[in-house]
Amino acid sequence: MKIAVCIKRVPDMDVRFKIGPDNTSLDEVGLKFDLNDFDAWAVEAALQLKEKNPGSEVTAISLGPDSVQETIRKALSMGVDRGIHLKADKVPFDGYSIARALSEELKAGAYDLILFGKISPDSSNGVVGPMTAELLGLPCVTAISSLSIEGGKGTAKRELEGAQEIVDFPLPAVLTVDEGLNTARYPSLKGIMAAKKKPLDVKAAALPAPQISVRKLELPAERKAGRIVGEGAAAVPELIKLLQTEAKVL
Amino acid sequence: MANIFAFVESRGSELRKVGLEATTAARLLADASGGGEVHALVIGPPGIAAKADQIGQHGADVVIVVEHAGLGNYNPEVATATAVERVKAGGYRAAVFSTSAQGRDLSPRVAARLGVSIVTDVLSFEVEGEAIVVRHPLNIGKVIATLAISGTPAVIAMRPNVISPARNAKAGRVETAQPAIDPASARVVVRETRQGSGGKLDLAEAPVVIAGGRGLKAAENFKLVEDLATAFGNAAVGATRAVTDDGWRPHSDQIGQTGRLVSPELYIAVGISGAVQHLAGMRISKTIVAVNKDKDAPIFKLADYGIVGDVFEIIPALTEAVREAKKQH
């Protein structure tokens, strides 16, 4: 099998973010970056398929500035065979633009399977996978939490609100990966050494002009100071009254 | 003046609340851009046409009904092709979808085929001349972006619960249509939709969320939280990362991780002190109530109403009081 995994370098979310002086970008000073968790699960899924299907090749593709090469190297150290860096000054918010650039690269690759994480925590838009599938004209299943592939066909499970869908699809296909599909492996020392010698091609990203512009970024508004209604169960009647008459939610 | 398209989400032959929210959002957009019409598309098995009145009452001037025996389950390729065909024919200023599991699957496909971009998880919108300007959470809700969409149609997917589906007396004109492609020709086939046990409400969509933290002391004590949720009747149960990491609750219950932002009408934090991650995941809730034994817990800084004390004493009393209050309605 020929498998491509599209990956993104994202900041660690466990911090208090600061807005940059232009008000339209984040202040990146002090932020730690790593491979998006959902993309790591997509890489893991690709590697497990490669282990089951000897002779398979897995390619990791990432779009962005030179710093994304570090993220590609991480995927290589997990066991991915080769990397492609689609070079761009920055990653635009516009998912359609990104999907166009990725599909330009992917269409020549004759991949049996193209994997994405279902969403990245930074832009939190979750659209690049299905958009890329449409641009390539390929079948697509999003947010899968289980997967089996046999004889050119696959079956996946999707989590819905309070329900699940069981979905059949033919290859080649585009899949986006949700939490629960697998647990991503850590790179081994041997893997890290091997990654240094694996091929990493650098190409210019063919990004069309974005249709979405960032007007401003801001931290969420502070909430109005609340109040302590009281102590213990004795405060419950007062709380009920406030929920009924003031907040009007009961 | 511009017409607006809405996609009304359904599951089987039932409409989903997010579908009515999308219809009302389209109504607000049409009114804000000079009072055009709202054309709402609903796709489903025979019988779904019976829901057309309800869609009209939520703001649609025209309800386009596509019924087919092969559409008992969501069919992504039929839904995409049919929505694309209607949007192209209608020349709309904007197309409104929902940020649900189905909407996250469908709306980017439709936008890509139309050759335009999309913003999902939209918190609010405004019409500014040629642009539609929306607010969208970044970095799991720790940053809010204001984005201007210049493409036409502007494709947006509304975050659940940010629009109250408004009813008016109007019933929309009903048009029936055929699926744009034969359902039997679809490559991707949803073979089965398995309903979860007891019709559990989803965290992102429930009007009330009751979340439990370490203060509950043990997995079995989540029963208190579940009982309170049952008393409300329209509540989902959530948890903090500490609790899901300990295996007391499944990871899907965690609030504050990627894609797990909640914005209910009412959020009740039970035994939660308020780690930064968790606060980011719930701070856009409309009303926040916190019950915690530590009066200095960070959660009280965010809460509209707080009760200090023992959750094992307070939550059963609150459950009883909510049950009583609901009875009187």
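Numerical summary
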| read-out | value |
| --- | --- |
| Complete set of residues in the range A:188-244 that are among the acidic types (D, E) and either under 22 Å from A:S103 (Cα atoms) or in a loop (DSSP other than H, G, I, E, B) (or both) | A:D201, A:E222 |
| Hits in the range A:210-233 (condition: among the hydrophobic types (A, V, I, L, M, F, W, C), surrounded by 14 or more Cβ atoms within 10 Å (Cβ to Cβ) and either more than 7 Å from chain B (Cβ to nearest Cβ) or more than 21 Å from B:G141 (Cβ to Cβ) (or both)) | A:I228, A:V229, A:A233 |
| Condition broken by A:P170, with the remaining ones in (1) at the interface with chain B (Cβ under 10 Å from one of its Cβ atoms); (2) closer than 19 Å to B:R104 by Cα satisfied | (2) |
| Unique match (being in contact with a helix residue (DSSP H, G or I) (Cβ under 9 Å, 6 or more places away or on another chain) and more than 9 Å from chain A (Cβ to nearest Cβ)) among B:G274, B:G306 | B:G274 |
| Single unsatisfied condition, A:L115 versus (1) at the interface with chain B (Cβ under 9 Å from one of its Cβ atoms); (2) within 29 Å of A:G55 (Cβ to Cβ); (3) touching a helix residue (DSSP H, G or I) at 6+ places or on another chain (Cβ under 7 Å); (4) not acidic (D, E) | (1) |
| Yes/no for A:A101 being of a type in the set (G, A, S), in contact (Cβ under 8 Å) with a residue 40 or more places away in the chain, at negative phi and within 14 Å of chain B (Cβ to nearest Cβ) | yes |
| The range B:231-249, residues that are away from every other protein chain (no Cβ under 12 Å) and out of contact with any strand residue (DSSP E or B) (no Cβ under 8 Å at 6 or more places or on another chain) | B:A242, B:D245, B:D246, B:G247 |
| A:P11 surrounded by 14 or more Cβ atoms within 10 Å (Cβ to Cβ) and more than 30 Å from A:T155 (Cβ to Cβ) | yes |
| In the range A:29-49, the residues that are modelled with pLDDT of 95 or more and outside any helix (DSSP H, G or I) | A:L31, A:K32, A:F33, A:D34, A:L35, A:N36 |
| From A:S145, A:S120, residue being in a strand (DSSP E or B) and polar (S, T, N, Q) | A:S145 |
| Members of the range B:75-102 that are part of a helix (DSSP H, G or I) and either facing chain A (nearest Cβ under 10 Å) or crowded, with 24+ Cβ neighbours inside 10 Å (or both) | B:P76, B:E77, B:A79, B:T80, B:T82, B:A83, B:V84, B:A101, B:Q102 |
| Count of the range B:132-150 residues which are closer than 20 Å to B:Q277 by Cα and of a type in the set (A, V, I, L, M, F, W, C) | 5 |
| Neighbours by Cβ (under 9 Å, 6+ apart or cross-chain): first from the range A:150-168, at positive phi; second at pLDDT 95 or above and assigned to a strand (DSSP E or B) | A:G152/A:P170 |
| Residue pairs meeting the criteria (Cβ under 8 Å; at least 6 apart or on separate chains; first more than 10 Å from A:I84 (Cβ to Cβ), in the range A:192-206; second among the hydroxyl-bearing types (S, T, Y) and surrounded by 13 or more Cβ atoms within 10 Å (Cβ to Cβ)) | A:I192/A:S77; A:A194/A:S77; A:A195/A:S77 |
| Pick from the range B:109-133, criterion part of a strand (DSSP E or B) and within 9 Å of chain A (Cβ to nearest Cβ), ranking: nearest to the chain's Cα centre (by Cα) | B:D121 |
| Residue within the range B:197-211 that is more than 12 Å from chain A (Cβ to nearest Cβ), under 30 Å from A:R16 (Cβ atoms) and of a type in the set (A, V, I, L, M, F, W, C) present | yes |
| From the options B:L216, B:L224, B:L228, residue that is away from chain A (no Cβ under 11 Å) and surrounded by fewer than 22 Cβ atoms within 10 Å (Cβ to Cβ) | B:L224 |
| Test for B:S13: is it under 19 Å from the mean Cα position of the chain (by Cα) and at pLDDT below 95 | yes |
| Any hit, the range B:142-165, residues being away from chain A (no Cβ under 13 Å) and among the small types (G, A, S) | no |
| A:E159 under 30 Å from A:A99 (Cβ atoms) and at the interface with another protein chain (Cβ under 10 Å from one of its Cβ atoms) | yes |
| Residues that are within 10 Å of chain B (Cβ to nearest Cβ) and among the polar types (S, T, N, Q), drawn from the range A:127-154 | A:T132, A:T142, A:S145 |
| Options A:I7, A:I84, A:I19; residue that is in contact (Cβ under 8 Å) with a residue 24 or more places away in the chain, in contact with an Asp or Glu (Cβ under 6 Å, 6 or more places away or on another chain), among the aliphatic types (A, V, I, L, M) and more than 22 Å from A:I144 (Cα to Cα) | A:I84 |
| Test: residue in the range A:69-80 that is of a type in the set (A, V, I, L, M) and touching a His at 6+ places or on another chain (Cβ under 8 Å) | yes |
| Tally, over the range A:1-28, of residues that are among the β-branched types (V, I, T), at pLDDT 95 or above and over 23 Å from A:A99 (Cα atoms) | 1 |
| Output for the range A:52-98, where each listed residue is part of a strand (DSSP E or B) and hydroxyl-bearing (S, T, Y) | A:T59, A:S62 |
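The values are calculated or read from the model by the stated rules, or taken from the named source; none is laboratory data. Just so it is clear, the model here is predicted, and its values are computed rather than measured. Virtual Cβ from ideal backbone geometry, glycine too; neighbours counted across all protein chains shown.
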